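Written below as structure tokens is the structure these notes are about.
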Amino acid sequence: MRDVLKNIFRFLPVQLLILHFRKYQLLLVFWIVLIATITGHFAAVFGASSLFLSPEYQGEISFFSMFILGGAMAVFVMAWHITTFIIHSTRLPFLGAVRHAFLKYCINNSVLPLAFLIFYSITITHYQLRDEHTKAIQAFLFQLGFYIGFSLIIVVSFAYFFRVDRDLLKVVVTRIANPSRIKSLIPYDALDYEMDIVRTDTYLSGRLRIKRCDELETYSQKLLQTVLRKHHRNAVTATIFALMLLWASGFFVDQPVLRIPAGASFLILFSVIMGIVGAMKYFLRSWEMIGWVFIFATLSLMVKNDVIDMRSIAYGLNYQTDTMSRPRYEPEKLNTIFNNAVCLRDKQLEEKRLDLWQQKRMAAKDTNAPLVVICVSGGGNRSAYWTFRTLQYIDSVNKGRLFDDAVLITGASGGMLGAAYWREIHSSYREQKIPTPYNVQYQENIGKDLLNSIIYSLASVDIASPFNKIAVAGYSYKKDRGYAMEQELIRNTEGMLDHKLGDYTAKEKNCDMPAMIVNSTIVNDGKRMMFAALPVSYLSKPQYDKYNNAAVDAIDFAAFFESQNPYNLRITTALRANATFPYILPVVRMPSVPELNLMDAGLRDNFGIEVAIRYLYTMKDWIARNNKQVVLLQIRDTREHELFPQSPINNLASMITTPLFVIQNKWESFQSYGQSYLKDYALGLFDKKLEIVTMEYVPEHPEKSAALNFHLTRREKKDLLNSIYNPINQAAALQMKSHLSN
């Protein structure tokens, strides 16, 4: 038994597996992140697992999407082999005596990749059968496509990079990236040369037979090192090729046919990063830390001098004005822009709009029409899908009365995507551009994936190629994942949201559609940025101070940026700024002095209640004069009274992490509790004239609630659709019907 165990221990695949855990554990992080992502233990809130478990190509999971993902997985596996070969081959000098040394190394180094592939196949099959409701034969075909793509890239890799020795690319690259030439530039350090030869007795041959190492011919150490350097050059060539492939793919961000699944992009990006990490370790050795410090210092300097800027911009806005022409974001300047006279003027304009709205309702013999304000919550595609479903349902059972009686829509994040699309569809119907606003295809459109385009752009444009430029709305901008998200949203909604902010001004002013305030949070100081087609400065500050000394806490975008062509802003940009979840979408940079940075509206108010209550309070005199019934329709993608489970602090990890992340994890709860006071005060202010109706997404199984991200599975869509029939929501729908039918 002792001899058997010794033979297993001295078997090269076992020794290599141990070597990876014993040396340079940083490279294992790539596998750990990949496994944690697939199992939902990493970036679950962003829906990252769907990138690998339901990869989409041209909007659907298919044989070809799995084929592409399989090919990208092969690139990642080859990068793993290449990087570890470059680092560890000096510990395996006998490989220089083996024909096709790299091929033999890959075979013996495949324990971890094979284990991962088995795990992945089981996980993705289970996921597609359970969450995507895929048929068994289709799931099998998906797996077949994955492994055909995987096998093809593996075969091509060995045939091209490690068996063909002469072509133009290899000649050029080997001259540039000769490892010995590069290493000669690095100062000598005795720590660079470790005596750490891996002791192995047997290995797997190219025909998967076990052979003994002592059967190999003995060559001089210098000759073996020369052979290994040749393979190192080929390995460097492969890494450069992967980087070029990723960089080139960034030019196709606008071409759905040429855009590979986001999961595939990330695998290629991981491959490049792994290659860079391996190169740093191989070339710099004990100087590696100094090398990383130099790289980060260089990147920091480039960011400081605007050579690289990972922030995004607002498409349609004029960034070409000089510093002197840009608005100054200072308390005194804000008080000047949003002075009492301006606020009063804009308030009177809104009252005139309400007068016109009431005249139109009376002309339509809807004399008792309630004034409806709609608030929608944030929550990615989950909220967009649920918001659209709720608005369509209530409007249809009330024969279009909801669209007619609503005067304002506001809210946050994903909910505003669904509400904006709903408003556009009904406006198009009233203009006779479409035959019916209740086509089921519209519900499907708003539920289409956005995550794939965002992550694809993050991997291939933002990081690998941040210098792409695009002309939008008359100005030149750079492409990034914010632009990719907007373009995908326009495609998903069949071009209906391809409008500028100013396109809605006349329609809202004439009460042909409800007004909409799209919010975003100013990171600089926590104020609210309000994107609106009509003046909204009357909502820019509280009115409790009779001396009018209250600070401005919200910015009317069009008024503040009046010199930057504000009504030229794309509505999708406003919606994107409103839904800028940290890291998934880039911070939006605004042309002011100092520059403002915008993020998700949910940071300030994830439910739109604050803006809605301030609007009703500001319009209270008009409401009283006209004796109007007010209905505040709140659409939430979470339960108001069952927010989050408790987080017990009963172990060391929770004691350390809970205080750090308590605000992030319970932010929605904090807002809901605080806004309950606002609702109390509003009810007291309007007495019996105000009704608050809440529609909530209630999952059939709480433990299987739809995830908060920009991707929905078929199971999640079905659950969201059916939630409208929950007794709680049916009661709320009947309540709305009673108000709209008065």
Quick one: how many residues across region 1-25 are over 22 Å from Tyr120 (Cβ atoms), in contact (Cβ under 8 Å) with a residue 12 or more places away in the chain and open to solvent by 30 Å² or more (accessible area, probe 1.4 Å)?
6
Only one residue in Leu141, Leu129 is part of a helix (DSSP H, G or I), aliphatic (A, V, I, L, M) and farther than 20 Å from His711 by Cα. Which one?
Leu141
Identify, from the list Ser396, Ser428, the residue that is part of a helix (DSSP H, G or I), without any contact (Cβ under 8 Å) to a residue 60 or more places away in the chain and among the hydroxyl-bearing types (Ser, Thr, Tyr).
Ser396
Specify which of the listed residues (Val518, Val536, Val523, Val587) is at pLDDT 95 or above, within 30 Å of Ala459 (Cα to Cα) and β-branched (Val, Ile, Thr).
Val518
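Kindly provide the set of residues from region 395-408 that are among the charged types (D, E, K, R) and open to solvent by less than 10 Å² (accessible area, probe 1.4 Å), ordered by number.
Asp395, Asp405
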Scanning region 270-316 for residues that are assigned to a loop (DSSP other than H, G, I, E, B) and over 23 Å from the mean Cα position of the chain (by Cα) gives Asn305, Asp306, Val307
If you take the residues of region 56-75 that are of a type in the set (Phe, Trp, Tyr) and modelled with pLDDT of 90 or more, which of them is least open to solvent (accessible area, probe 1.4 Å)?
Phe67
Take the conditions farther than 27 Å from Leu575 by Cα, open to solvent by less than 90 Å² (accessible area, probe 1.4 Å) and in contact with a helix residue (DSSP H, G or I) (Cβ under 6 Å, 6 or more places away or on another chain) and apply them to Ser300. Does it pass?
no
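For (1) in a loop (DSSP other than H, G, I, E, B); (2) touching a strand residue (DSSP E or B) at 6+ places or on another chain (Cβ under 9 Å); (3) farther than 27 Å from Pro566 by Cβ; (4) modelled with pLDDT under 80, each residue gets a yes or a no:
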position	(1), (2), (3), (4)
Gln432	yes, no, yes, no
Gln443	no, no, yes, no
Ile454	no, yes, no, no
Ala459	no, no, yes, yes
Ile470	no, yes, no, yes
Name the single residue that is modelled with the lowest pLDDT among those in region 345-367 being surrounded by fewer than 15 Cβ atoms within 10 Å (Cβ to Cβ) and in a loop (DSSP other than H, G, I, E, B).
Thr367
Looking at region 516-592, what strands (runs of 3 or more DSSP E) fall wholly within it and have at least 1 residues that are of a type in the set (Lys, Arg) and within 20 Å of Gly474 (Cα to Cα)?
588-590
Pairs please, first residue from region 99-112 and closer than 18 Å to Phe9 by Cβ, second anywhere and among the hydroxyl-bearing types (Ser, Thr, Tyr) and at pLDDT below 80, Cβ atoms under 6 Å, 6+ apart in sequence or on different chains.
Asn108/Tyr203
Could you please let me know if Leu720 is open to solvent by less than 60 Å² (accessible area, probe 1.4 Å) and touching a Gly at 6+ places or on another chain (Cβ under 9 Å)?
yes
Just wondering, is there one or more residues in region 341-349 that are more than 38 Å from the chain's Cα centre (by Cα) and among the polar types (S, T, N, Q)?
yes
I'd like the full set of residues that are of a type in the set (A, V, I, L, M, F, W, C) and under 18 Å from Asp131 (Cα atoms), limited to region 1-42.
Ile38
Considering residues that are of a type in the set (Ser, Thr, Tyr) and open to solvent by 10 Å² or more (accessible area, probe 1.4 Å), the number found within region 559-608 is 3
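For region 506-515, which positions are touching a helix residue (DSSP H, G or I) at 6+ places or on another chain (Cβ under 9 Å) and assigned to a helix (DSSP H, G or I)?
Scanning region 506-515 gives Lys507, Glu508, Lys509.
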Within region 698-705, is even one residue within 22 Å of Thr134 (Cα to Cα), open to solvent by less than 50 Å² (accessible area, probe 1.4 Å), free of Cβ contacts under 8 Å to residues at least 60 places away in the same chain and in a helix (DSSP H, G or I)?
no
For region 397-414, what are the residues that are over 20 Å from Ser383 (Cα atoms) and either touching a Phe, Trp or Tyr at 6+ places or on another chain (Cβ under 8 Å) or of a type in the set (S, T, N, Q) (or both)?
Asn398, Val407
So how many residues does region 680-708 have that are under 30 Å from Ala624 (Cα atoms), hydroxyl-bearing (Ser, Thr, Tyr) and in contact with a helix residue (DSSP H, G or I) (Cβ under 7 Å, 6 or more places away or on another chain)?
1
Residue tally, condition open to solvent by less than 90 Å² (accessible area, probe 1.4 Å), more than 26 Å from the chain's Cα centre (by Cα) and not polar (S, T, N, Q), over region 678-697
13
Would you be able to tell me the number of residues in region 515-543 that are free of Cβ contacts under 8 Å to residues at least 60 places away in the same chain and open to solvent by less than 20 Å² (accessible area, probe 1.4 Å)?
3
Scan region 30-48 and give yes if some residue there is aliphatic (A, V, I, L, M) and either buried (at least 23 other Cβ atoms within 10 Å of the Cβ) or not in a helix (DSSP H, G or I) (or both), otherwise no.
yes
Identify the residue in region 371-394 that is more than 30 Å from Pro582 (Cβ to Cβ) and crowded, with 22+ Cβ neighbours inside 10 Å and, among all such residues, is nearest to the chain's Cα centre (by Cα).
Gln392
Can you find a residue in region 629-637 that is of a type in the set (S, T, N, Q), open to solvent by 30 Å² or more (accessible area, probe 1.4 Å), at pLDDT below 90 and out of contact with any Gly (no Cβ under 9 Å at 6 or more places or on another chain)?
no
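The values are calculated or read from the model by the stated rules, or taken from the named source; none is laboratory data. The structure displayed is predicted, hence computed values, not measured ones. Heads up, the Cβs are rebuilt from the backbone with ideal geometry, glycines too, and the neighbour counts pull from every protein chain shown. Side chains are part of the model used for accessible areas, which takes the heavy atoms of the whole protein and leaves out ligands, DNA and RNA. Shrake-Rupley method; radii C 1.70, N 1.55, O 1.52, S 1.80 Å.
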